[in-house]
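Report on one structure; see the data block that follows.
The values are calculated or read from the model by the stated rules, or taken from the named source; none is laboratory data. Computed from a prediction, not measured in an experiment: that's the story for all the values here. Here the Cβ positions follow ideal geometry from the backbone for every residue, glycine too, while neighbour counts run over all protein chains shown.
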Amino acid sequence: MVRWSRAGLHCAAPEPSGDAPGADSTLARERARVMAEITQHEDKLAKSWAIDNGMQEPIKDTAALLRLSRRGLRIDEVVTVRPDVAWVKIVGRNTDGTAIRFSEEWVKNGSTWHQRTPPSPSDRATLPEGWPPPLDDHELERQRLLFGLIDEMVRASVSG
């Protein structure tokens, strides 16, 4: 939640720059393929938020996240899985009062704890049994980074 409150929820779709005339066709096709993967992954993630986390409204934008925050979030439990890694279970409420649950990974750097999002697949494997999954997804983040790199290449090939 810390990262989201500062920069907005990263699960919002990246803004496509549009197909630029003169862009390399291979890059343009790859860009479109990655964007389709992102959209498909986001749809799957939104469904899992409803099923696994109890979310009744999609929180793909900062305004929805702020509405969730205003209804209140609290730390329900903390489990330290390694001296430098802890999982925090967070509980909130939907507008009808039903529970929203998700987990966040926090890592210790020196004497300070920081949220790590999204957790790596190996760290996600340390999530305590029966805990709700985190809202962030490592694979989706990887796809977004790839999209950003390809989009930069498309822009450079047009202006270049």
Condition first: hydrophobic (A, V, I, L, M, F, W, C), surrounded by 12 or more Cβ atoms within 10 Å (Cβ to Cβ), in contact with a Pro (Cβ under 6 Å, 6 or more places away or on another chain) and over 30 Å from Asp151 (Cα atoms). Can you find one or more residues in segment 76-83 that meet it? yes
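Considering only residues of segment 115-132 that are of a type outside the set (S, T, N, Q) and either at pLDDT 95 or above or loosely packed, with under 13 Cβ neighbours inside 10 Å (or both), which is farthest from Ile75 (Cα to Cα)? Steps first, please.
In the first step, residues of segment 115-132 are kept if they are of a type outside the set (S, T, N, Q); the result is 116, 118-119, 121, 123-125, 127-132.
From what is left, the residues that are either at pLDDT 95 or above or loosely packed, with under 13 Cβ neighbours inside 10 Å (or both) are 121, 125, 127-132.
Numbers: Pro121: 23, Ala125: 21, Leu127: 16, Pro128: 15, Glu129: 17, Gly130: 16, Trp131: 13, Pro132: 13 Å.
Here the residue is Pro121.
For every residue, the table says whether it meets (1) among the small types (Gly, Ala, Ser); (2) within 26 Å of Trp131 (Cα to Cα); (3) touching a Pro at 6+ places or on another chain (Cβ under 9 Å); (4) at pLDDT 90 or above.
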{"residue": "Val2", "(1), (2), (3), (4)": "no, yes, no, no"}
{"residue": "Ser17", "(1), (2), (3), (4)": "yes, no, no, no"}
{"residue": "Glu30", "(1), (2), (3), (4)": "no, no, no, yes"}
{"residue": "Gln40", "(1), (2), (3), (4)": "no, yes, no, yes"}
Contact list please: Cβ distance under 6 Å, first residue in segment 107-131 and within 14 Å of Val81 (Cα to Cα), second residue basic (Lys, Arg) and in a strand (DSSP E or B), pairs at least six apart or on different chains. Val107/Arg116; Trp131/Lys89
Among residues of segment 105-160, those that are hydrophobic (A, V, I, L, M, F, W, C) and part of a helix (DSSP H, G or I), counted: 10
Residues satisfying the stated conditions in segment 92-135, i.e. out of contact with any Gly (no Cβ under 9 Å at 6 or more places or on another chain) and within 14 Å of Gly54 (Cα to Cα): Thr95, Asp96, Gly97, Ser103, Trp131, Pro133, Pro134, Leu135
Can Ala86 be described as aliphatic (A, V, I, L, M) and either touching a Pro at 6+ places or on another chain (Cβ under 9 Å) or over 20 Å from Thr117 (Cβ atoms) (or both)? no
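Residue by residue, here is whether (1) of a type in the set (A, V, I, L, M); (2) part of a strand (DSSP E or B); (3) within 16 Å of the chain's Cα centre (by Cα) holds:
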{"site": "Trp49", "(1), (2), (3)": "no, no, yes"}
{"site": "Pro58", "(1), (2), (3)": "no, no, yes"}
{"site": "Ala63", "(1), (2), (3)": "yes, no, yes"}
{"site": "Leu66", "(1), (2), (3)": "yes, no, yes"}
{"site": "Ser69", "(1), (2), (3)": "no, no, no"}
{"site": "Arg74", "(1), (2), (3)": "no, yes, no"}
Taking Ile59, is it farther than 17 Å from Arg144 by Cβ, of a type in the set (A, V, I, L, M), surrounded by 18 or more Cβ atoms within 10 Å (Cβ to Cβ) and in contact (Cβ under 8 Å) with a residue 40 or more places away in the chain? no
Residue under question is Val88, and the condition is that it be in a helix (DSSP H, G or I), aliphatic (A, V, I, L, M) and surrounded by 16 or more Cβ atoms within 10 Å (Cβ to Cβ); does it hold? no
